[in-house]
Amino acid sequence: MIYAIARKISTQECYNNEYEVISLYYSFYEAFAQSLDSEIVIKTTKTIRIGDSINSNGDAWQSGYK
């Protein structure tokens, strides 16, 4: 597994779980040590890259708006 440090990038209600990946780590502890208070650490897959948008589950982000 890979751990992503991510920053919330959406404030609208229908997009409220969109995060931008800032950096990736193989160790949760290393990711946690490098994260800031305004960022979160999310377990994700190897297909996610820096700059991608992900949801709070670590999956590629898709709009909840219909």
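The values are calculated or read from the model by the stated rules, or taken from the named source; none is laboratory data. Just so you know, these numbers come straight off a predicted model, no measurement behind them. Reconstructed Cβ throughout: ideal geometry from the backbone, glycine too, with neighbour counts over all protein chains shown. Areas reflect the complete protein model, heavy atoms only, side chains present, ligands, DNA and RNA absent. Shrake-Rupley method; radii C 1.70, N 1.55, O 1.52, S 1.80 Å.
Applying the condition of being among the polar types (S, T, N, Q) and assigned to a loop (DSSP other than H, G, I, E, B) to region 53-66 and asking which residue is most open to solvent (accessible area, probe 1.4 Å) yields 62. The residues of region 31-52 that are in contact with a Gly (Cβ under 8 Å, 6 or more places away or on another chain), surrounded by fewer than 19 Cβ atoms within 10 Å (Cβ to Cβ) and part of a loop (DSSP other than H, G, I, E, B) amount to a single one, 45. The residues of region 13-23 that are modelled with pLDDT of 90 or more and more than 15 Å from residue 57 (Cα to Cα), listed by number, are 22, 23.
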